[in-house]
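Structure record follows, encoded as structure tokens.
The values are calculated or read from the model by the stated rules, or taken from the named source; none is laboratory data. Keep in mind it's a predicted model, so treat the numbers as computed, not measured. In this analysis, Cβ positions are derived from the backbone assuming ideal geometry, glycine residues included, and neighbour counts consider all displayed protein chains. Only protein heavy atoms, including side chains, enter the accessible area calculation; ligands, DNA and RNA are left aside. Shrake-Rupley method; radii C 1.70, N 1.55, O 1.52, S 1.80 Å.
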Amino acid sequence: MTHTNSSTNIGIFLLAYGGPLSLDDVEPYLLDVRGGRPTPPELVEEVRHRYALIGGRSPLLENTRAQARALENFLREHWGVDVPVFVGMRHWPPYIRDVVPEIVARGVRHLIAIPMAPHYSRLSIGAYRKALDEALAQVDDPPEVYFVERWGSHPRFVQAVAEKVREGLARFPAGARDQVAVIFTAHSLPQRIVEMGDPYPEELAESARLVAEAVGLATWHLAYQSAGASSVSWLGPDVGDLVEDLARAGTRHVLVVPIGFVCDHVEILYDIDIELRQRAEALGVRVERTESLNDSPGLVATLAALVGELEVGL
């Protein structure tokens, strides 16, 4: 029988982007994302339509909470420790700023913060850090923070994604598997980050390379998806454009690996499963997608390894 120690002075905080929990939330959610700038009505309608097609709400909060529960259970069962795992969002309730007082009230003195985005960019991970720091500045006697900035090349993460790639390839006919174009994707960011010396593109490429190596892929591609609706230049190539190029070159089978995302949400369920698939089908190309990590054993083992590598006395 496992002996369980209570580690109430240690807490884990999973940070995610946030998403609307109903169709009525879409407009205020976009207002939050856009820093208070009104969203053109046609864009609000387009985004509302996308959420309507995937069930009328974002499953991101539900999926992140499932990851938190799975991590709590893993630490209890495998390490014999009870560690509370909290969830906070950048752009929709429960906001990071509203969860921090709850963390402090629970007596947490050492807080491990993990953004649920594996690759570092100042625009993404940097924004999570800023939101957390601002929230901590509002409470008396804040806990010591251990902030995990990047984990896209962690061996456990690589192993977890590689397993999903193998499963994805197995969905194609045996005779066609060596002709499947494997495309790793991540959320596009404004092109200006390259001039800023941001490591995001390099980290994605390294992460994809390690997974490709683990699977034994001879060739692979890296593309971006879900670019914002603004006139600035975004990182490319866009995955849809790449699929068109591959189709022109004779490719008929594509496996998309959304390596920049760790659970199902609109960028997966609409941007890939609906929009990209429709675009590919019109070209005679079959698109499959790797199953999201969600609260899978591979993702939970990755999070546990990140926690275990920190000197926090667990």
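Points to keep in mind about this one:
- Selected residue (only one of 122, 90, 109 is open to solvent by 20 Å² or more (accessible area, probe 1.4 Å), within 28 Å of residue 154 (Cα to Cα) and out of contact with any strand residue (DSSP E or B) (no Cβ under 8 Å at 6 or more places or on another chain)): 122
- Those residues of segment 207-219 which are part of a loop (DSSP other than H, G, I, E, B) and of a type in the set (S, T, N, Q), in sequence order: 219
- Residue pairs whose Cβ atoms lie under 6 Å apart, sitting 6 or more positions apart in sequence or on different chains, and linking a residue in segment 46-66 that is free of Cβ contacts under 8 Å to residues at least 60 places away in the same chain to a partner that is polar (S, T, N, Q), are 57/22.
- Qualifying positions in segment 164-193 - open to solvent by 70 Å² or more (accessible area, probe 1.4 Å) and assigned to a helix (DSSP H, G or I): 166, 167, 174, 177, 178, 179, 192
- Residue tally, condition in contact with a Leu (Cβ under 8 Å, 6 or more places away or on another chain) and either open to solvent by 50 Å² or more (accessible area, probe 1.4 Å) or more than 18 Å from residue 50 (Cα to Cα) (or both), over segment 250-277: 6
- Segment 283-298, subset touching a Phe, Trp or Tyr at 6+ places or on another chain (Cβ under 9 Å) and closer than 17 Å to residue 59 by Cα, residue surrounded by the fewest Cβ atoms within 10 Å (Cβ to Cβ): 292
- In the set (1) closer than 21 Å to residue 96 by Cβ; (2) open to solvent by less than 20 Å² (accessible area, probe 1.4 Å), residue 146 fails one condition alone, (2).
- Evaluation of residue 307 against (1) modelled with pLDDT under 95; (2) within 17 Å of residue 158 (Cα to Cα) (one fails), failing number: (1)
- Exclusive hit being open to solvent by less than 20 Å² (accessible area, probe 1.4 Å) and over 30 Å from residue 20 (Cβ atoms), set 280, 212: 212
- Of the residues making up segment 268-311, those that are over 30 Å from residue 76 (Cβ atoms) and of a type outside the set (Gly, Ala, Ser) number 18.
- With respect to (1) without any contact (Cβ under 8 Å) to a residue 40 or more places away in the chain; (2) in a strand (DSSP E or B); (3) among the β-branched types (Val, Ile, Thr), the lone exception for residue 87 is condition (1).
- Per-region count, segment 215-238, residues over 20 Å from residue 165 (Cβ atoms), touching a Leu at 6+ places or on another chain (Cβ under 6 Å) and either open to solvent by less than 40 Å² (accessible area, probe 1.4 Å) or among the hydroxyl-bearing types (Ser, Thr, Tyr) (or both): 1
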